[in-house]
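What follows is one structure encoded as structure tokens, with my remarks underneath.
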Amino acid sequence: MTADERATPAVRAYDLVHRTTYEYPAPVTDSYGRTTMTPRDLPDQRLVTTSLTVDPEPADTATHVDWFGSTTTFFGVTTPHTRLVVTSRSTLEVSRAAPDRADLPDVRWRAVARAAAAGDLGTLHTDTAGLVALREALLPSRHVSFAEEVRTWAAPSFADDRPLADVVLDLVHRVRTELTYRSGSTTVQTTQAELLAQRTGVCQDFAHLVIAALRLHGLPARYASGYIETRPRLGRPKLRGADASHAWVSVWLPGYGWLEADPTNDQLVDDRYVVLGWGRDYGDVPPLRGVIFTEGGGASPRVEVDLVPAGSEPFL
């Protein structure tokens, strides 16, 4: 089934707020930052409205689309301050449906790897920009290493020459069942080898692990950044402002396109997800990064995210 032939699901409308707050122990004379906090406008995700505010008000700001197609905003705050707040607000309509396994092509993973190794990606993609994205998605990167520990862990998922779709589904299932999600158990510098040694991590670690496993076997895979709507247990209210940014994996499946799978939750991506952007790894799509000038120390950010059905009373 081609992308054009897939049935269009019902549209889900969302209000999204993502706020990052820094409280500094001493005055900061200058703050320079760059955000990736504007959701993508896609065929299955329509960006209706969006805004970004910085407090204190920046002396300079500019927005552009980066190499990966993400909308990024630069800002420079030159007013002395001890508190910096960056807030992104968006309304969206998402019509993305997770595919059924029966509807996915049965192309074998070794065939995709052979085409990639031979540079014959023209059989996998038809436009130049797409070919470049595929080539980049085959390489090791800052946060995705080709470690033998990853190869050993991934080996059972690549047994025989099974369809690539089954490899992906098996990898994300194994992450969910073999590793434990534990907030604060890793940092952005944690390697895949360290993750496998301690068996605990967070969504970005799990995404990096699956990407490393796929790239090690010559398969194009990229890092996806965004949000997922959290739903409370039956009878309990939703905790407002307690959502977080999320990460998952996007794998090139010939005959389908980029297949997106969430290792943290062992599922394919559907209309509960909002996409910020894609890249080689986390380093290409961090929500916020920058530098400050101060005589004191830095500060850890407090991040608050609210992704709710449109029309709900906002918490943030």
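Below are the figures for this structure:
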item	result
Per residue convex hull volume, Cα atoms of the stretch 100-217, in Å³	121
Long-range tail of P(r) for the chain (Cα pairs > 26 Å, %)	49
Expected 222 nm ellipticity per residue - DSSP helices of 4 or more, -39500 (n - 2.57), all of the chain, to 500	-5500 deg cm²/dmol
Net lengthening on full extension, Leu42/Ser312 (0.36 nm per residue, minus Cα-Cα)	94.8 nm
Percent RCO, i.e. relative contact order, over the chain, from Cα pairs under 8 Å lying at least 6 residues apart	29
The stretch 147-272: relative contact order in percent, alpha carbon pairs under 8 Å with at least 6 residues between	27
Cα-projected label distance for Ala10 with Ala159, points at 7 Å along beta-carbon direction, nm	4.1
Potential lengthening between Arg101 and Thr152 on full extension [0.36 nm per residue; Cα-Cα distance subtracted]	15.7 nm
Förster radius 22 Å - calculated FRET efficiency between Asp166 and Ala118, Cβ distance, rounded to 0.05	0.40
Computed E for Tyr181/Ala59 - FRET, C-beta separation, R0 45 angstrom, nearest 0.05	0.65
Gain in span if fully extended, Thr50 to Arg83, counting 0.36 nm per residue against the direct Cα distance	9.5 nm
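Bear in mind that the values in this text are calculations on the coordinates, not laboratory data. Here the structure is a predicted model, which is why all the values come from computation and not from measurement. Glycine gets a Cβ as well: all are built from the backbone with ideal geometry, and neighbour counts include every protein chain shown.
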